[in-house]
Amino acid sequence: MLNVPTQSFPAPSSQQRVGPSGQSGRNKVALKPGHSLMDWIRFSKSGKDLTGLRGRLIEVTQEELQKHNSRDDCWTCIRGMVYNVTPYMDYHPGGEEELMKAAGIDGTELFDQVHRWVNYESMLKECLVGRMATKVTTAIKAILPPPPPTGLAPPASLAPPPDKDSRPRYDWFQTDASVHLVIYAKRKIPSSGSTTVDLHGGVLRLEVLLAKMSYMIHLCLTDEVEGNMSVHTASSVGKVQVSIRKQTKGKWASLGRPLELHNTFLRRRDRAPFYRNCLLVSKMDVNHNTHVFRLQLPRGTVMHVPVGQHVYLKALVQDTEVVRPYTLVDQSLTGASQNSSQESDLYLMIKVYSDGVLTPHLNTMHTGDHLSVSGPEGTFSLRPLRDVTHLYLLAAGTGFTPMARLIRVALEEFDSIRQTKLLFFNRTEEDILWRRELDQLAADNERFQVELVLSEPGDSWTGRTGRVDESMLKELVIRPEGSRSYVCVCGPAAFTELTVGLLKQLGFSEEELHAFQG
């Protein structure tokens, strides 16, 4: 839960360390039998005293917190609340070593760097010791009158970007029948999507993703409006326009009343995920254990998810909130649906694990059920592909999902990429996702190649066999003279770590690699 991707954390010897480009990992260590997340949920609800305080909540001083810093007595603080995480130690997917990094200290920053989306209040509810004691200096400051709020400035704890002139800005104009909000990003906007707009109950929340930054508009609109809206993006000039119809014709004196974090330009990791309820429209089988879930956004929501980025799904499982990341795919390998009614739908390819926590729940959902979905998350950018001539995609199992949209974009939007090659690793022939589509695309497009590799092939398999190793990569990931190559890797943590290490041994630099963390 408290895995931190810095140079000193995880430790160099940690099983969680994955090397490319300093990206944050969500890698796991092997847990003892009977110590899955579902086992933790059952254990935490068993009625046992997990805090050692027999149900009492106490006020914890800094000095008291620091005393509880050992493997057998481990407290940590997250957002002012103190938890005894000793009972959770053996259940932590990142291992004991990583959890101990927050022992006896405020672990909020460590937590937020990787798992800010996790509902720790629900997960550690039975481990709650109490609240951190308020320092005297803080209490004195609280007596002083605060400066008048403007509703426009970011909170003091979140520093704005250094160059104030580079901040996006907004303006608005109106007619008697409509109101129009215009965002000027002051930089090009990715054509693969960057804008999410939610309009519900007269509250407008708009977020534009700009590399590692996020610009947000959050307003309670002056008067009632229609539920639908149109969003137009001029990528090359960095402009987004949202047009909304008024319910009653007339002139507004202002656009609306600023709400929390309105007109702020923050680092994306400092922005809490925002969820909306989506409707399950259909569930289509891909193979024996993988399905494509089609989700419909609610009326009043427009969401563009950039290629290679993911969303979080959130559901209540046995009274505990469970959150997991999933990468979007298109409706088919060759492109998004051309049917306008389906353009805004989200397609998620999800493998169901019998011993999983969230996927068995998803598998029981029926058409018409609802699921909470976050906005886009992730660090992948298409920018490095602009000068690439050879793109290699190495995927294992459902690590194929971020590659699906990337294949289409590479073939349709990057003429400079002369060859896109997918190396797809699976256990058995039955596990291969979208095999027919991949074979057809390779047959139809000379710029695309697919190499299927099985570790447990059947007798009838005539393709390549084995597991990823140096000799295989030497043979398949070729760098022609004068070419510019880029490699993307996605799969289980062990596959990703091994593959990235092998690629570096073959001379690929961190700038030529991207590892999707699965």
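Overview of values
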read-out	value
Residue list for the range 178-208, restricted to those being within 30 Å of Phe414 (Cβ to Cβ), open to solvent by 10 Å² or more (accessible area, probe 1.4 Å) and assigned to a strand (DSSP E or B)	Tyr184, Glu207
Residue that is least open to solvent (accessible area, probe 1.4 Å) [pool: residues in the range 209-222 that are part of a loop (DSSP other than H, G, I, E, B) and within 18 Å of Ala185 (Cβ to Cβ)]	Ala211
The range 70-113, subset among the β-branched types (Val, Ile, Thr) and either open to solvent by less than 10 Å² (accessible area, probe 1.4 Å) or out of contact with any strand residue (DSSP E or B) (no Cβ under 9 Å at 6 or more places or on another chain) (or both), residue farthest from Ala272 (Cα to Cα)	Val85
Test: residue in the range 306-318 that is outside any strand (DSSP E or B), open to solvent by 50 Å² or more (accessible area, probe 1.4 Å), touching a helix residue (DSSP H, G or I) at 6+ places or on another chain (Cβ under 8 Å) and at pLDDT below 95	yes
Residue in the range 355-366 that is buried (at least 16 other Cβ atoms within 10 Å of the Cβ), in a loop (DSSP other than H, G, I, E, B) and either in contact with a strand residue (DSSP E or B) (Cβ under 8 Å, 6 or more places away or on another chain) or at pLDDT 95 or above (or both) present	yes
Test: residue in the range 22-33 that is out of contact with any helix residue (DSSP H, G or I) (no Cβ under 7 Å at 6 or more places or on another chain), modelled with pLDDT of 80 or more and not β-branched (Val, Ile, Thr)	yes
Test: residue in the range 368-375 that is open to solvent by less than 10 Å² (accessible area, probe 1.4 Å) and in a helix (DSSP H, G or I)	no
Which numbered condition Thr76 fails, given (1) touching a Ser or Thr at 6+ places or on another chain (Cβ under 8 Å); (2) in a strand (DSSP E or B)	(1)
Any hit, the range 223-243, residues being under 18 Å from the mean Cα position of the chain (by Cα), assigned to a strand (DSSP E or B) and among the small types (Gly, Ala, Ser)	no
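The values are calculated or read from the model by the stated rules, or taken from the named source; none is laboratory data. Quantities reported herein were computed from a predicted structural model and do not represent experimental measurements. Note that each Cβ is placed from the backbone with ideal geometry, even for glycine, and that neighbours are counted across all protein chains shown. Remember, those area values only see protein heavy atoms, side chains included, never the ligands or the DNA or RNA. Shrake-Rupley method; radii C 1.70, N 1.55, O 1.52, S 1.80 Å.
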